[in-house]
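Visitor: Take this structure first; my questions come after.
The values are calculated or read from the model by the stated rules, or taken from the named source; none is laboratory data. If you're wondering where the values come from, they're calculated on a predicted model, not measured in any experiment. Counting neighbours? That spans all protein chains shown, and the Cβs are built from the backbone with ideal geometry, glycine included.
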Amino acid sequence: MRRAEPLRPSAGPALPVEQATGRAARPTWLRLATAVATPQVLVAGILALGAVGLIQPQRPGQGANQGVIERSDGGQELSTQDVRVVMVGEDGSERSRSVRLALPLGASQRLAAVVAALRDELVQEGVWPNDLPSPRVFVETLDRRAVAVIDMLVPTGVAVSVAQELALLRSLTATAEANGALDVRFLRGGEPTGTLLEHVAVPAAL
């Protein structure tokens with residue numbers, strides 16, 4: 001006859017790990033967020049977004065520089081205008097002509113372009129020597145008067161007659177005055193000069 005074994009207490013149903021360890025059960029979304037928040041996953045996500053931004057085509061109008069045209073330091077805005085050049089011949093005859101030019105906005109650059117056009121006209125007529133370049137031109141405001149300063153650049157060996165030099169002087173002075181100068185002064189090679197080239201006296205003092 002077998003002896004009855006003493007009854008052992010029942011262990012009962014197994015508890016979840018969270019309850020067994022005394023911690024409350026976390027929702028599934030919270031566990032996923034914790035896993036995603038690891039540094040490795042964050043870095044990978046940032047790199048992926050950067051790659052998508054690089055390959056995404058940019059639509060017209062996007063970007064800070066869209067439609068902006070940068071100019072070089074030497075670039076100038078030009079305005080097409082009709083200007084008047086006055087040409088004096090060696091015989092003293094005077095005639096003027098309207099010329100359409102693309103001119104810079106600055107007063108000095110504008111008048112320099114007009115004088116260059118005058119030179120082209122006088123070269124064709126044989127008054128301005130081919131080897132005499134166009135002068136440098138500056139426009140200064142003195143006592144509220146626009147004064148044109150014409151700096152003749154005279155290479156060695158340039159020779160003109162008295163009549164020719166007088167025609168050049170009258171053409172330069174009349175053209176500068178026709179384009180806004182109230183007075184005209186002359187330099188030669190950046191220095192005060194007594195004559196335009198070598199014969200005809202010119203005003204040099206400002």
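Visitor: Can you confirm whether Ala176 is under 31 Å from the mean Cα position of the chain (by Cα), small (Gly, Ala, Ser) and modelled with pLDDT under 95?
Guide: no
Visitor: For Gln81, work out the one condition from (1) surrounded by 17 or more Cβ atoms within 10 Å (Cβ to Cβ); (2) over 24 Å from Ala159 (Cβ atoms); (3) polar (S, T, N, Q) it doesn't fulfil.
Guide: (1)
Visitor: Suppose we keep only residues that are part of a strand (DSSP E or B) and out of contact with any Lys or Arg (no Cβ under 9 Å at 6 or more places or on another chain) within segment 138-149. Which one would you say is nearest to Phe186 (Cα to Cα)?
Guide: Filtering first and then ranking leaves Phe138.
Visitor: Specify the residue that is farthest from the chain's Cα centre (by Cα); the eligible residues are those in segment 99-115 that are closer than 19 Å to Ser171 by Cα and part of a strand (DSSP E or B).
Guide: That would be Val99.
Visitor: Could I ask something else about it? Quick check on segment 154-174. Is at least one of its residues surrounded by fewer than 19 Cβ atoms within 10 Å (Cβ to Cβ), in contact (Cβ under 8 Å) with a residue 12 or more places away in the chain and of a type in the set (Lys, Arg)?
Guide: Scanning segment 154-174 turns up at least one residue that is surrounded by fewer than 19 Cβ atoms within 10 Å (Cβ to Cβ), in contact (Cβ under 8 Å) with a residue 12 or more places away in the chain and of a type in the set (Lys, Arg).
Visitor: Output yes when any residue across segment 177-198 is charged (D, E, K, R) and closer than 20 Å to Arg84 by Cβ, and no when none is.
Guide: Yes, the conditions are met somewhere in segment 177-198.
Visitor: Could you give me the residue pairs with C-beta distances under 8 Å whose first residue belongs to segment 100-123 and is among the polar types (S, T, N, Q), whose second residue is exposed (fewer than 15 other Cβ atoms within 10 Å of the Cβ) wherever it lies, and which are 6+ apart or on separate chains?
Guide: Sorted first by the residue in segment 100-123, then by its partner, the pairs are Gln109/Gln76.
Visitor: Does Ala116 satisfy the criteria of being in contact with a Ser or Thr (Cβ under 8 Å, 6 or more places away or on another chain), surrounded by 12 or more Cβ atoms within 10 Å (Cβ to Cβ) and either farther than 18 Å from Ala163 by Cα or basic (Lys, Arg) (or both)?
Guide: yes
Visitor: Shifting gears a bit: Only residues that are hydroxyl-bearing (Ser, Thr, Tyr) and assigned to a helix (DSSP H, G or I): list them for segment 150-181, please.
Guide: Listed by number, the residues that qualify are Ser171, Thr173, Thr175.
Visitor: Determine the pairs where a residue that is assigned to a strand (DSSP E or B), located within segment 182-201, has a partner that is modelled with pLDDT under 95 and basic (Lys, Arg) with Cβ atoms under 7 Å apart, the partner being 6 or more residues away or on another chain.
Guide: Asp183/Arg145
Visitor: Would you confirm, using the coordinates I've provided, whether Leu132 is at pLDDT 95 or above, touching a strand residue (DSSP E or B) at 6+ places or on another chain (Cβ under 9 Å) and assigned to a helix (DSSP H, G or I)?
Guide: no
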